[in-house]
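**Student:** One structure is given below, represented as structure tokens, and several questions about it will come after.
Derivation of every value follows stated rules applied to the coordinates shown; laboratory data play no part. None of the values given here were measured: they were computed from a predicted structure. Neighbour counts are summed over all protein chains in view; Cβ atoms, including those assigned to glycine, are modelled from backbone coordinates with ideal geometry.
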Amino acid sequence: QVLAFFSMADGHRPLHGEIMAELSATHDDVLDAVIPAATDVERMAVHRRALAQFAPHGRAGRAYAALWEELRERV
């Protein structure tokens, strides 16, 4: 089973919101969890660690945790 989710989404960009709303409304395989465009996501490469290891309580860390919970519920 393939499930889609949005990553590096920027809530300040109208196009991001429009696309996410449209695809979520028309496709059952799009998850609700959204990974934000955040510096912490980019820093995973610098730290060479998963975000949950160095910034689990930040906005992106919470988003990844929500993604994991949603995946666990769906599969």
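**Student:** Could you list, ordered by first residue, the pairs with Cβ atoms under 8 Å in which the first is in the stretch 1-12 and among the charged types (D, E, K, R) and the second is not in a loop (DSSP other than H, G, I, E, B), at least 6 apart or interchain?
**Tutor:** Within 8 Å, the pairs are ASP10/HIS16; ASP10/PRO36.
**Student:** I need the full set of residues from the stretch 11-42 which are surrounded by 11 or more Cβ atoms within 10 Å (Cβ to Cβ) and part of a loop (DSSP other than H, G, I, E, B), in order please.
**Tutor:** Answer for the stretch 11-42, where residues must be surrounded by 11 or more Cβ atoms within 10 Å (Cβ to Cβ) and part of a loop (DSSP other than H, G, I, E, B): GLY11, ARG13, ASP29, ALA37, ALA38.
**Student:** Just one of the numbered conditions (1) closer than 23 Å to ARG72 by Cα; (2) part of a helix (DSSP H, G or I) is not true of ARG49; which one?
**Tutor:** Condition not satisfied by ARG49: (2).
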